[in-house]
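Worksheet: one structure, shown below.
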Amino acid sequence: MESFLYLSSVIALLALATFATRLLPFVLLYKVADHPVLTHLGRYLPAMVMVLLVLYAIKQDVTFSTDILAPTACLALVALLHVLFRQALLSIVAGTAAYMTLVQMGWTG
Amino acid sequence: MLSVNQLALRTSLPVLFGYLPLGAAFGVLFAELGHHWLYATAMGLFIYAGAGQFLAVGLLANQAALTEMVIATLLLNARHLFYGLSLLNRIRSRGWRRWYQIFSLTDETYSLLSSTRAPQGIDEGQLQLRIAAFNQIYWVLGCTLGAFIGSQVSFSTAGIEFVLPALFMVLAIEQYHSIREPWPFWLALSIGLGTLLLISREHMLLIAILLSLCVLLLQRAGRS
């Protein structure tokens, strides 16, 4: 029951947060969209957030040890494939398969 | 002559091949948390955001606070604010249909809607609505199947959480394709690593995003 309440509130909140970002341009943003500060943020912030999310998603391995090697190598593979072919699914699946193989061979934990 | 349903199906077919496997990957990942697969269905139905749902799994696994979850989701989705503007006048539906179209405006639906015009004799609003709904059906199916299979079958899924950084890496490269300037990427990498190693491991995401925001604002202020 506790986990039902917790998960339901998480889902409700994230649903609202997602809907809010989709709704905002339709109700408000068209009035201020060409403000130079907003244009500046709109251009560069998403790129920076993506890089931070990559780091966040591997943060338990970002240490001064060999733990960092496997995720870095597999991210490099993802990046290489995506630069070459630009097929999101291919890049993600190949990178993940490589990482799963390394982990399950006991190369990293 | 194609009916509006056939036309919507044909237009949305590429999204089917993207959403089913990606939704299923989300489902399998979600099943690793040990929750019932119906929650994955609910997330596909009510949140309906690819990257957002993957991030939610990461946040749930890290037992992040609710405020951190909401702020991270808002910032992840902030890119939509700036994409959506060009579609403002193109959504033809009114009433509840319009609300649904705004709710269901994912990256993929957005790209289909902005590149599809209704042929003669087909109502554009009807077509847009069906494309949006079909896309969400594919996604919800994928999420549900993945979570159901992931909760029943016990194959070794160790390491599958790597779909998360892989997805964000792909999105980062897509960002590079649109802005074509390398400095934000190096700046964010330095800020992120600095925060992680020197300031806080636990609240890395929030602190690093706020620092990035400050740097961008200062830089903008210094220019004018």
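The values are calculated or read from the model by the stated rules, or taken from the named source; none is laboratory data. These numbers were taken from a predicted model, which means no experiment stands behind them. Using ideal geometry, Cβ is built from the backbone for each residue, glycine included, and neighbour counts are taken over all protein chains shown. Heavy atoms of the whole protein, side chains included, go into the accessibility calculation; ligands, DNA and RNA do not. Shrake-Rupley method; radii C 1.70, N 1.55, O 1.52, S 1.80 Å.
Restricting to the stretch B:89-113, give me the number of residues that are in contact with a helix residue (DSSP H, G or I) (Cβ under 6 Å, 6 or more places away or on another chain) and either surrounded by fewer than 16 Cβ atoms within 10 Å (Cβ to Cβ) or closer than 30 Å to B:HIS36 by Cα (or both).
7
Residue-wise test of (1) within 26 Å of B:GLY34 (Cα to Cα); (2) among the basic types (Lys, Arg); (3) at pLDDT 90 or above.
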{"site": "B:GLN126", "(1), (2), (3)": "no, no, yes"}
{"site": "B:ILE131", "(1), (2), (3)": "no, no, yes"}
{"site": "B:THR144", "(1), (2), (3)": "yes, no, yes"}
{"site": "B:PHE148", "(1), (2), (3)": "yes, no, yes"}
{"site": "B:SER154", "(1), (2), (3)": "yes, no, no"}
{"site": "B:ILE160", "(1), (2), (3)": "yes, no, no"}
{"site": "B:VAL163", "(1), (2), (3)": "yes, no, no"}
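For A:THR66, are the conditions met, namely being β-branched (Val, Ile, Thr), out of contact with any Ser or Thr (no Cβ under 8 Å at 6 or more places or on another chain) and modelled with pLDDT of 85 or more? Steps first, please.
On the way: β-branched (Val, Ile, Thr): yes; out of contact with any Ser or Thr (no Cβ under 8 Å at 6 or more places or on another chain): no; modelled with pLDDT of 85 or more: yes.
Here the answer is no, as A:THR66 does not meet what is asked.
Name every residue in the stretch B:182-224 that is within 14 Å of A:VAL51 (Cα to Cα), open to solvent by less than 60 Å² (accessible area, probe 1.4 Å) and not aliphatic (A, V, I, L, M), in order of residue number.
Hits for the stretch B:182-224 are B:PRO184, B:PHE185, B:GLY192, B:GLY194, B:THR195, B:SER212.
Just to be sure I understand, how many residues within the stretch B:119-149 are farther than 19 Å from B:PRO21 by Cα, without any contact (Cβ under 8 Å) to a residue 60 or more places away in the chain and surrounded by fewer than 20 Cβ atoms within 10 Å (Cβ to Cβ)? Explain how you work it out, then say what you get.
Going residue by residue through the stretch B:119-149, those that are farther than 19 Å from B:PRO21 by Cα are B:119-130.
Subsequent filtering for residues that are without any contact (Cβ under 8 Å) to a residue 60 or more places away in the chain retains B:120, B:124-125, B:128-129.
Narrowing the set further to residues that are surrounded by fewer than 20 Cβ atoms within 10 Å (Cβ to Cβ) leaves B:120, B:124-125.
The qualifying residues number 3.
Among the residues of the stretch A:22-50 satisfying the criterion of being more than 7 Å from chain B (Cβ to nearest Cβ) and either at pLDDT 75 or above or in a helix (DSSP H, G or I) (or both), which is most open to solvent (accessible area, probe 1.4 Å)? Walk me through it before giving the result.
Step one: list which residues in the stretch A:22-50 are more than 7 Å from chain B (Cβ to nearest Cβ), which gives A:27-28, A:31-32, A:34-36, A:38-39.
Keeping just the survivors that are either at pLDDT 75 or above or in a helix (DSSP H, G or I) (or both) gives A:27-28, A:31-32, A:35-36, A:38-39.
Details: A:VAL27: 79, A:LEU28: 84, A:LYS31: 141, A:VAL32: 69, A:HIS35: 97, A:PRO36: 67, A:LEU38: 48, A:THR39: 74 Å².
Once the filter is applied, the top-ranked residue is A:LYS31.
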